[in-house]
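This report concerns only the one structure given below.
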Amino acid sequence: VIDAVGMSQVQTKLNNLSYGNCDVSEWNGSEINPMDDLNGFWLGSSLKISPMEQIQVMRKIFGGDSIYTEGEVDLLQDVMLYDEVRDYSIYGKTGSNQNKEGWYVGVIESEQDKMCFAIYIESDEPTEAVSGYTAREIIKEIVGELRK
């Protein structure tokens, strides 16, 4: 899909969001994944983003300060819905890197508040404990604490 969108348009969108270093120079990626379709500039390659930058991007998108329409943001939110715990909804996207890095980035929403988050965990050695799913469980625990 990303090849159909094209490098120029992807670069424009990343720039508009100030998405990390916005670097797509290694378009085909670093071949970190043995499957060609799962490689690209965003996987252990030229594009870099910190947890704080991830939060800033989430704030732009879900705070209405981006180029995306309300309908597009609603669609994204529908796709990202992970769980509804009492009066909290958790929206997010996981990411993993060969059991050395795990991400979970998104929004926790209640009637009173909307909080953007980024959980990043890493290890020098591959371990099943480091994954996007583990990062997601951390957020679920935090939401559980918020309910108390």
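Here are the numbers:
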item	result
³J(HN,Hα), Karplus 6.51/-1.76/1.60, whole Hz, each residue of segment 64-76, x for Gly, Pro	x, 10, 10, 6, 8, 6, 4, x, 5, 5, 4, 4, 4
Where only C-alpha atoms are counted, convex hull volume of segment 1-80 per residue in Å³	105 Å³
Loop-located GluC sites (Glu not before Pro) in segment 78-148, at most 16 other Cβ atoms within 10 Å (DSSP)	GLU111, GLU128
Within the accessible area of segment 20-139 (1.4 Å probe), percent carbon and sulfur	47 percent
Value at 222 nm in deg cm²/dmol, rounded to 500, when DSSP H runs of n ≥ 4 in the chain each add -39,500 (n - 2.57)	-10500 deg cm²/dmol
Debye, to nearest 20: dipole size of the chain, +1 on Lys, Arg Cβ, -1 on Asp, Glu Cβ	320 debye
Neighbourhood net charge (13 Å Cβ-Cβ; Lys/Arg +1, Asp/Glu -1) for SER123	-4
In segment 1-104, the trypsin sites (Lys or Arg not before Pro) that fall in loop regions by DSSP, at most 15 other Cβ within 10 Å	LYS48, ARG86
Extension gain (nm, one decimal) between TYR133 and ASP78, 0.36 nm per residue minus Cα-Cα	17.9 nm
J(HN,Hα) series, segment 24-29, from Karplus relation 6.51 cos²θ - 1.76 cosθ + 1.60, nearest Hz, glycine and proline x	10, 4, 9, 3, 7, x
In order through segment 108-122: 3J(HN,Hα) via Karplus (6.51 cos²θ - 1.76 cosθ + 1.60), integer Hz, x for Gly, Pro	10, 10, 10, 5, 8, 8, 9, 10, 8, 9, 8, 10, 10, 10, 8
Rounded, prolate or oblate (a/c below 1.5 giving rounded, otherwise prolate when a/b exceeds b/c) for segment 44-148 by Cα gyration tensor	oblate
Positive-end extreme of charge dipole, the chain - chosen from ILE32, SER66, ILE2 (charges on Cβ)	SER66
Average accessible area per residue (Å²) across segment 56-144 - probe 1.4 Å, nucleic acids and ligands excluded	60 Å²
Given charges at beta-carbon only (K, R positive; D, E negative), |dipole| of segment 73-148 in Debye	60 debye
Solvent exposure, largest accessible area first (probe 1.4 Å, DNA, RNA and ligands not counted), of LEU14, LEU75, LEU43	LEU75, LEU43, LEU14
THR69 accessible area, 1.4 Å probe, all protein chains in place, Å² to nearest 10	80 Å²
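The values are calculated or read from the model by the stated rules, or taken from the named source; none is laboratory data. All values derive from a computational prediction rather than experimental measurement. So basically every Cβ, Gly included, is an ideal-geometry build from the backbone, and we count neighbours across all protein chains shown. Surface areas here come from the heavy atoms of the whole protein model, side chains and all, with no ligands, DNA or RNA. Shrake-Rupley method; radii C 1.70, N 1.55, O 1.52, S 1.80 Å.
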